[in-house]
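*Asks:* Could you have a look at this structure, given as structure tokens, before my questions?
Derivation of every value follows stated rules applied to the coordinates shown; laboratory data play no part. Given the structure is predicted, the values throughout are model-derived calculations rather than measurements. Cβ sites come from the backbone with ideal geometry, for glycine too, and all protein chains shown count toward neighbours.
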Amino acid sequence: MLWPFGTTWRPMRQKIRGTVDLRWLTARSWTTKWYPQGIDLGTWRGRRTLAVSWFRQDRMRRHVASRIAFVDLERSRHLDVALAIEGDDGELVPAQIHAGGLAWFGDRLFVAATGQGIWEFDLAALRRVRGPIARRLAGSRGRGWRAVALVAVRTRVHPVALRCSYLGRVFDDAGEPLRRVLIGEYRADENGRIGEFVVPGGPDDRFERVDLYTPGIANMQGAVRWGDHHLVSQSDEQRAGVLWSGHRDSLSRDRIPLPIGCEDLALDLEARLLWSLGEHPWRRVVRGIPFAQLGFDA
């Protein structure tokens, strides 16, 4: 499958055995330069698509670039789009953020920029760049003019009075998506907070907070809400992640494990799946857990 500019979609391996597991078939399965973080579901040119965010770090563990891998769920293929900022002189520079969570609303992609609020990118105006600028935006130090990259440019920075470690979608009882998100804080102790916010509509609007709570869970990595049911992911180093489920004031540990090194969460109401992903090299997986396993379809 070709992008209109001629960029090739790269294959992934899919295995369905209780869960739907997608695995990367390139060096991104084991690299220690790039790490996957956020996840959300949307429609890309009429096709159901997962968006998975990645950040790149250097040897000093400083962020140098970020990107989104768009995964065609029907064909198990992915396409990379670099995230960039446009300077006053029009020059594009890499978006040097952790990209810990995603919320995808049509052509608007919101990315959690840990400690720097929520960054918004425009998916309707992707740019094609080549040569050294393509390599720089893609986080590569290689040389040559043949490199090509697709780029989504930041349109706005939304200040939020939280650390903004991750970002998740909100649905009503009937499964209809709301123009709301959950924004949460990763902390090693149990003081991390989760806030629910209305997504800004017009250019002068801000993220409006409508709820704020502290679940009392350490190492929270993602959160979503379906009606009154909240789901929160918790990482546990090199062990399987933990899923917390229930009302926001009485979350309980679910028996279903999340991937090792689990990160963000995304609800797929059409396929009846809860998506998460693992970040650790050699154990990286994008996993869809059927609602039936979680007791949602009982």
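*Asks:* In whole Hz, with x marking every Gly and Pro, tabulate ³J(HN,Hα) for segment 244-249 from phi via Karplus 6.51 cos²θ - 1.76 cosθ + 1.60, θ = phi - 60°.
*Replies:* With coefficients 6.51, -1.76 and 1.60, one gets 9, 9, x, 5, 4, 8 Hz.
*Asks:* Loop-only check: which GluC sites (Glu not before Pro) in segment 217-298 are DSSP coil with at most 13 other Cβ within 10 angstrom?
*Replies:* 237, 270
*Asks:* Right, something else. Got a sec to turn the phi values of segment 117-128 into Karplus ³J(HN,Hα) couplings, 6.51 cos²θ - 1.76 cosθ + 1.60 with θ = phi - 60°, whole Hz, x for Gly and Pro?
*Replies:* For segment 117-128, the Karplus-derived couplings read x, 10, 9, 10, 10, 9, 8, 7, 10, 5, 10, 10 Hz, x marking Gly and Pro.
*Asks:* Taking the Cα centre as origin and putting +1 on Lys and Arg beta-carbons and -1 on Asp and Glu beta-carbons, what dipole magnitude results for segment 205-289, to the nearest 20 debye?
*Replies:* Dipole of segment 205-289, to the nearest 20 debye: 280 debye.
*Asks:* Continuing with this model, one more query. Give the relative contact order (percent, whole number) for segment 18-294; include only Cα pairs under 8 Å separated by 6+ residues. Display every interim value, and only then the final one.
*Replies:* Numbers: 795 pairs, mean separation 43.8, N = 277.
Reported as a whole number, the value is 16 percent.
*Asks:* Place a +1 charge on the Cβ of each Lys and Arg in segment 100-179 and a -1 charge on the Cβ of each Asp and Glu, then give the dipole magnitude about the Cα centre in debye, rounded to the nearest 20.
*Replies:* For segment 100-179, the charge dipole is close to 880 debye.
*Asks:* If you average the alpha carbon positions of segment 117-182 and of segment 38-70, how far apart do those two centres end up, in angstrom?
*Replies:* That distance is 7 Å.
*Asks:* Something else: For the pair residue 208 and residue 107, how long in nm is the line joining their label points, each one 7 Å along Cα→Cβ?
*Replies:* 2.4 nm
*Asks:* Taking the simple approach of a point 7 Å from Cα along Cα-to-Cβ for both residue 255 and residue 128, what is their distance in nm?
*Replies:* So the two model labels end up 5.3 nm from each other.
*Asks:* Please order 81, 153 by the number of other Cβ within 10 Å, starting at the fewest.
*Replies:* 153, 81
*Asks:* Rank 169, 283, 77 by mean-square fluctuation in a GNM of the chain with C-alpha springs under 10 angstrom and give only the top-ranked residue.
*Replies:* 283
*Asks:* Taking the Cβ of each residue in 166, 186 as the centre, tally the other Cβ atoms inside 10 Å and list the residues starting with the fewest.
*Replies:* If I rank by nearby Cβ atoms, fewest first, I get 186, 166.
*Asks:* For residue 13, put the label point 7 Å out on the Cα→Cβ axis and report which residues of segment 268-298 keep their amide N under 13 Å from it.
*Replies:* Counting backbone N atoms under 13 Å from the label point, the list is 282-286.
*Asks:* Under 5 Å between amide H atoms, partner at least 5 residues away or on a different chain: which partners does residue 199 have, H built in plane at 1.01 Å?
*Replies:* 180, 181
*Asks:* Please give the net charge around residue 121, taking every other residue with its beta carbon less than 12 angstrom from that of residue 121, where Lys and Arg add +1 and Asp and Glu add -1.
*Replies:* +1
*Asks:* Right, something else. Given charges of +1 on the Cβ of Lys and Arg and -1 on the Cβ of Asp and Glu, with all other atoms neutral, how large is the dipole of the chain about its Cα centre, in debye to the nearest 20?
*Replies:* Roughly 1760 debye for the chain.
*Asks:* If you don't mind, there's one more thing I want to ask. Output wanted: per-residue J couplings in Hz (rounded whole) for segment 250-260, from phi through Karplus 6.51 cos²θ - 1.76 cosθ + 1.60, θ = phi - 60°, x for Gly and Pro.
*Replies:* 8, 5, 10, 6, 7, 6, 7, x, 9, x, 4
*Asks:* So for the pair residue 238, residue 77, with labels modelled 7 Å out along Cα→Cβ, what separation do we get in nm?
*Replies:* Modelled inter-label distance: 3.7 nm.
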